[in-house]
Amino acid sequence: MNPSETPFSPAEIAAEGIKPQEYEEIVNRLQRHPNKAELGMFGVMWSEHCCYKNSRPLLKQFPTTGERILVGPGENAGVVDLDNRLRLAFKIESHNHPSAVEPFQGAATGVGGILRDIFTMGARPIALLNSLRFGNLDDAKTRRLVNGVVAGISHYANCVGVPTVGGEVYFDSAYSGNPLVNVMALGLMETPEIVKSGAAGIGNPVLYVGSTTGRDGMGGASFASAELTDASMDDRPAVQVGDPFLEKSLIEACLEAFKTGAVVAAQDMGAAGITCSTSEMAAKGGVGIELDLDKIPAREYGMVPYEYLLSESQERMLFVAQKGREQELIDIFQRWDLHAVVAGEVISEPIVRILFQEAVAAEIPATALAENTPLYEREVLPEPPAYAQEAWEWTVDPLPSCNIAGIEISGQIQTWQDILLTLLATPTIASKRWIYRQYDHQVQNNTVVLPGGADAAVIRLRPLEGVEGAGEFNSGVAATVDCNPRYVYLDPYEGAKAVVAEAARNLSCVGAEPLAVTDNLNFGSPEKPIGYWQLAEACRGLSAGCRELSTPVTGGNVSLYNETLDSQGNPQPIYPTPVVGMVGLIPDLSKICTQGWQIPGDLIYLLGLPIPAKTTLGASEYLAAIHNIVAGKPPRIDFELERRVQAACRFGIRQGWLNSAHDTAEGGLAVALAECCLSGELGATITLDLSEQESTNLRWDEILFGEGGGRIIVSVAPPQQSAWETYLRENLDGTWQQLGTVTSNDQGLQVLTKDYQTLIQVNYPQMSDRYYHAI
């Protein structure tokens, strides 16, 4: 290749997100230099956001098959079998960079995009969850981002009529310049056949349906695959603009169209718009697509091929229809006031050919864009980086000594109830009620447990119209999104295993059998040795966790380059954040549990590592919030214990023995007990199996606020005590203990030693004030 012939300057090539060696590869593939439109197409399709060029080698290790898996990775969403002829489609996606620049539209179109992934499969969306990360709430910029993101999610989801039923929110300065907005959607299949995306049938018409195409969202996929800089704030055209009311019409029109049987394949236009949908449909089907841009309904004048091809205007789809039945489909969309035009056809030559003003505007082999893309197999550091090794050397020894009365911090004695109240007011632990009250979580009338009420969301599986025998049973589906990013930062392998374990534990706490996983890998730059080590080790941990708990991965999303370049050009990466979305099946909705105490007099039990077995303060919320230390090793997961504890919890719920169940997570035992009190509006008296004499070699903060141990706190009515304890002795011997009893609200939370010395005595109004008013 003669560089002097290159029609683009190095700056123009770099502006498309293409590296010099990648440009050379494009020329080799085409046997010529690309034109401007083709360069743009390669730029978006070869971005990390679309082709996973840094992460694909790592994703191959995930388990992706199982007896319930109907569709695994590679389609718009995963699909699992729920019995009774019901099938669930689900997936998680990120919209991080757009939300950092324009939080309202960034978050809103994130919701719109993931909903399209679901109904493109032929499923009706039934629920949304979200996993959000922001910087410190004391920062005015963070508060602006929180307000914008929450408003965007609530606006789009509420208007489109899909309930937002659960989620998680973390606050940490690591996310100050780069918030994370991950949205998970669930849908019930309504079509007899699952709608796939591979084009088929030479000569079949290609239909463009939905909204018009404009210049909004130009190059959004490339924008999502680069670090955020001060200049990113000027990149607002790369942020899409959504219309939830139009999307609602699109859902109904698509599902109606799919039921006719006239649709051969369907693909939503998300990242990379027309470029992605044409090339992916062609590549997956082993055919080609010819598309005429003059047929595309445009909302702006004077658009050129580059703009048509890279636009990420929302609420648009591409169909391959059966020849001769296109008018049948067009009529359906016009009845819903949506555009529907025949814009091209399936061709035998495996290329994407784009026409514009009766000339060829772009012509590229489909696989060069969608499958045979660059791949970077990077070297993983031979040993953990210095920051991790240094953190792992931390021990509790430098912490101030403590006793039953409390601990001395900055020259002042803090009692254990002071510490508990401080933790309850920590934004990461505190109630997210201010956030979820802005979401409509009851639209469609299938939400069984409201947000904040249990460890996982629970949705009723309603009977399906036109599918005989589907959903006649009183079954439900549970869903959760989880990730403790501090664990993953300090030890990506063990931290990622803990993410999978906690997600499964949350499902087990409502009585659901964990089935499958969708994941969203949010990381910094893979081009930096530490960033790639974090990504590689976390993928190894997720893979191990999913295998141990028999929860295959059905797909997901990778979001890299989550770094903010400060004004001096120094990159500030986020904590590595592999969010796991997990779904579970509830056979009988009359047998579920919430997290709050139900009846005074119920007996409280701890399943998992018993007291005084040591949990860890390493990587804990207590260590970070009270001592401002981010160090230590996160808890190690004992999967054999996890499986037994979770099975015991599910069995107890299904036998009707348990009245409540809640796992211990951030803040350890004391915070979990307080959350049970707050959720049930009742008190508890807890007696720890330790005297002051026996505790000489232990730290009370480890017992009260240490994390790990695969623990679940449950409450049982006294008449069930005998049956429950008999079952525990046979199935959980040595890894359970009775802790105390549920009391009335006015007695608050009381934690005593076995020689009746008070560790914590805090009343309900104190806990409630801190917990509910922190955000």
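Summary of computed values
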{"item": "Scan of segment 91-102 for residues that are farther than 18 Å from T577 by Cβ and either open to solvent by 20 Å² or more (accessible area, probe 1.4 Å) or not β-branched (V, I, T) (or both), ordered by number", "result": "E102"}
{"item": "Residue within segment 574-588 that is buried (at least 18 other Cβ atoms within 10 Å of the Cβ), under 19 Å from the mean Cα position of the chain (by Cα) and polar (S, T, N, Q) present", "result": "yes"}
{"item": "Qualifying residue in segment 632-640 (condition: without any contact (Cβ under 8 Å) to a residue 40 or more places away in the chain and either among the charged types (D, E, K, R) or under 30 Å from N84 (Cβ atoms) (or both))", "result": "yes"}
{"item": "Residue match in segment 700-717 (condition: out of contact with any Ser or Thr (no Cβ under 6 Å at 6 or more places or on another chain) and open to solvent by 50 Å² or more (accessible area, probe 1.4 Å))", "result": "no"}
{"item": "Residue ID - farthest from the chain's Cα centre (by Cα), chosen from residues in segment 283-332 that are basic (K, R) and buried (at least 20 other Cβ atoms within 10 Å of the Cβ)", "result": "K284"}
{"item": "In segment 50-90, the residues that are open to solvent by 20 Å² or more (accessible area, probe 1.4 Å) and assigned to a strand (DSSP E or B)", "result": "I69, L70, P73, E75, D81, R87"}
{"item": "Cross-chain or 6+ apart pairs with Cβ under 9 Å, segment 760-775 first and closer than 12 Å to I429 by Cβ, then outside any helix (DSSP H, G or I) and of a type in the set (V, I, T)", "result": "Y771/I429; A774/T426; A774/I429; I775/V169"}
{"item": "Those residues of segment 238-282 which are farther than 24 Å from A151 by Cα and open to solvent by 20 Å² or more (accessible area, probe 1.4 Å), in sequence order", "result": "E252, E256, K259, T260, G261, V263, V264, E280"}
{"item": "F651 being closer than 29 Å to V481 by Cβ and touching a helix residue (DSSP H, G or I) at 6+ places or on another chain (Cβ under 6 Å)", "result": "no"}
{"item": "Residues of segment 599-612 satisfying the condition of being under 17 Å from D663 (Cβ atoms) and open to solvent by 40 Å² or more (accessible area, probe 1.4 Å)", "result": "L609"}
{"item": "When residues of segment 654-665 are limited to those that are buried (at least 24 other Cβ atoms within 10 Å of the Cβ) and out of contact with any Lys or Arg (no Cβ under 6 Å at 6 or more places or on another chain), the one nearest to I760 (Cα to Cα)", "result": "H662"}
{"item": "Residues of segment 565-595 classified as among the hydroxyl-bearing types (S, T, Y) and without any contact (Cβ under 8 Å) to a residue 12 or more places away in the chain, total", "result": "0"}
{"item": "Pairs where the first residue, in segment 533-549, is on the phi < 0 side of the Ramachandran plot and at pLDDT below 95 and the second is open to solvent by 10 Å² or more (accessible area, probe 1.4 Å) and not in a helix (DSSP H, G or I), C-beta under 8 Å, 6+ apart", "result": "none"}
{"item": "Filtered residue count, segment 119-143, keeping only those that are of a type in the set (K, R) and within 16 Å of the chain's Cα centre (by Cα)", "result": "1"}
{"item": "Given (1) surrounded by 21 or more Cβ atoms within 10 Å (Cβ to Cβ); (2) at pLDDT below 95; (3) of a type in the set (A, V, I, L, M); (4) within 30 Å of P297 (Cα to Cα), index of the condition V160 fails", "result": "(2)"}
{"item": "Segments classed as strands (runs of 3 or more DSSP E), wholly inside segment 106-219, with at least 3 members that are closer than 22 Å to T518 by Cα", "result": "123-134, 164-171, 180-189"}
{"item": "Inter-residue pairs, beta-carbon under 8 Å, first farther than 8 Å from V264 by Cα and in segment 189-204, second assigned to a loop (DSSP other than H, G, I, E, B) and charged (D, E, K, R), 6+ apart", "result": "E190/E465; G201/K323; G203/K323; N204/K323"}
{"item": "From Y756, Y727, residue being open to solvent by 20 Å² or more (accessible area, probe 1.4 Å) and under 37 Å from the mean Cα position of the chain (by Cα)", "result": "Y727"}
{"item": "Helices (runs of 4 or more DSSP H) completely within segment 1-45 that count 1 or more residues being polar (S, T, N, Q)", "result": "20-30"}
{"item": "Residues satisfying the stated conditions in segment 1-48, i.e. touching a residue at least 60 places away in the same chain (Cβ under 8 Å), closer than 15 Å to N372 by Cα and open to solvent by 20 Å² or more (accessible area, probe 1.4 Å)", "result": "E25, R29, L30"}
{"item": "Search result, residues across segment 333-355 that are surrounded by fewer than 20 Cβ atoms within 10 Å (Cβ to Cβ), under 24 Å from E280 (Cα atoms) and of a type outside the set (D, E, K, R)", "result": "H339, V341, V342, I347, S348, P350, L355"}
{"item": "Qualifying residue in segment 464-474 (condition: open to solvent by less than 20 Å² (accessible area, probe 1.4 Å) and at pLDDT 95 or above)", "result": "no"}
{"item": "Residue under evaluation L515, criteria (1) of a type in the set (A, V, I, L, M); (2) within 14 Å of the chain's Cα centre (by Cα); (3) open to solvent by 10 Å² or more (accessible area, probe 1.4 Å), criterion not met", "result": "(2)"}
{"item": "Matching entry among L128, L115 (being more than 20 Å from E312 (Cα to Cα), at pLDDT 95 or above and not β-branched (V, I, T))", "result": "L128"}
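The rows are residues; the columns are (1) without any contact (Cβ under 8 Å) to a residue 60 or more places away in the chain; (2) outside any helix (DSSP H, G or I); (3) touching a Gly at 6+ places or on another chain (Cβ under 8 Å).
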position: S249; (1), (2), (3): no, no, no
position: A257; (1), (2), (3): no, no, no
position: A265; (1), (2), (3): no, yes, yes
position: A271; (1), (2), (3): no, yes, yes
position: T275; (1), (2), (3): no, no, yes
position: M281; (1), (2), (3): no, no, yes
position: K284; (1), (2), (3): no, no, yes
position: L291; (1), (2), (3): no, yes, yes
position: G302; (1), (2), (3): yes, yes, no
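The values are calculated or read from the model by the stated rules, or taken from the named source; none is laboratory data. Please read these numbers as outputs of a predicted model, since none were measured by experiment. Cβ coordinates were reconstructed from backbone atoms using ideal geometry, including for glycine residues, and neighbour counts include every protein chain displayed. Heads up: the accessible areas ignore ligands, DNA and RNA and are worked out on the full protein's heavy atoms, side chains in. Shrake-Rupley method; radii C 1.70, N 1.55, O 1.52, S 1.80 Å.
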